[in-house]
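Everything below concerns the one structure shown next.
Only the coordinates and a few stated rules stand behind these numbers; no lab work does. No experiment lies behind these values; they were computed from the predicted model shown. Neighbour counts are summed over all protein chains in view; Cβ atoms, including those assigned to glycine, are modelled from backbone coordinates with ideal geometry.
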Amino acid sequence: MPRDLAQADAARAVVFTPLDGVGRGERVAQRLRDAILSGILRDGERLPSESETARRFGVAVVTAREALESLREQKLVQTRRGREGGSFVTFDRERAARLMDERVCGMSRGELRDFALYYAAIAGAAAEAAADRAGPEDLERLAELEDGPVEESLGAARRAVGRFQLEIAALSQSPRLVRAELTLQVEAGSLLWLWLREPEGRERSRLARAKILESLVRGPEAARAAATAHIEAAADWLIEEKERLEAALEG
């Protein structure tokens, strides 16, 4: 199986992992919403049935039904009746952009920083271990993945970043770091990598990934610093975007 397809299958598997704790109805909706907005669940993709969704998340069927209803109200999911029916993803770029803007405005700066802090810790640890454990052939393959055309869309850019981050985690040879990276891509990727919707953000991310590639040869400390800087740059942009959005609303 091609590595991109394997990554997509792994990310989809993480989307439907069980939830713990209270407030699981909204958490089911948020998990699916993030997966749709980040492109893990694609436009037109058929979602599991209500009973199957409930089983995978470890919630009651009524909870899964409420989550899907919330997504229908936001026009992220459409339900069709009949033999070929079911719930299908309906991704609209303009609507998705509005939902993401609303989410950014609805979170505090502390919450956004916390997202980035945790992601930076995972990405930094993965890069540090990868620099110590990856061989020349591994690094050459990673460089080949990055040596492609410039991403012209948000979706393509997100997939490129997600693939790169996951490859670094895989080179760390730590299954726990791989799982953590996949989980973060599902739960925080659509938010943290929001700067990729602008050409400048996509270019800055490509340059940051190039620096990470170079740092993997220099050693673990340099690799951790470069990987952390990538996350921090995305977080700084996100905080500034929140301020811009709030200023526009006030105006």
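Annotations for the structure displayed:
- Annotation: peptides 85-96, 193-204, ranked by per-residue average of other Cβ atoms within 10 Å with the highest first, follow the order 193-204, 85-96.
- Gyration tensor verdict on segment 133-221 (Cα atoms; rounded if a/c is under 1.5, prolate if a/b is larger than b/c, oblate otherwise): oblate
- Helix 175-187 and the longest principal axis of the Cα set of the chain meet at an angle near 50°.
- Cα lying deepest toward the dipole's positive end in segment 98-250, options 233, 207, 112, charges on Cβ: 112
- 0 to 90° range, to nearest 10: angle between helix 220-250 axis and the chain longest Cα axis: 40
- For the chain, the relative contact order comes to 24 percent (Cα pairs under 8 Å, sequence separation of at least 6).
- For the chain, the dipole from Cβ point charges (+1 on Lys and Arg, -1 on Asp and Glu) about the Cα centre works out to 900 debye, to the nearest 20.
- Gain on full stretching of the segment that runs from residue 132 to residue 98 - 0.36 nm per residue minus C-alpha separation: 8.0 nm
- If R0 is 30 Å, the Cβ-Cβ spacing of residue 20 and residue 80 corresponds to a FRET efficiency of close to 0.40.
- Folded to 0 to 90 degrees: helix 61-73 orientation relative to the chain principal axis, Cα: 80
- Positive-end extreme of charge dipole, the chain - chosen from 150, 61, 19 (charges on Cβ): 61
- With the alpha-carbon atoms of segment 98-250 aligned to their principal axes, the span from lowest to highest coordinate is 53, 30, 23 Å, starting with the largest.
- The Cα center of segment 20-66 and the Cα center of segment 115-186 differ in position by 26 Å.
- Estimated 222 nm signal from helices in the chain, with DSSP H stretches of n ≥ 4 weighted -39500 (n - 2.57), rounded to 500: -24000 deg cm²/dmol
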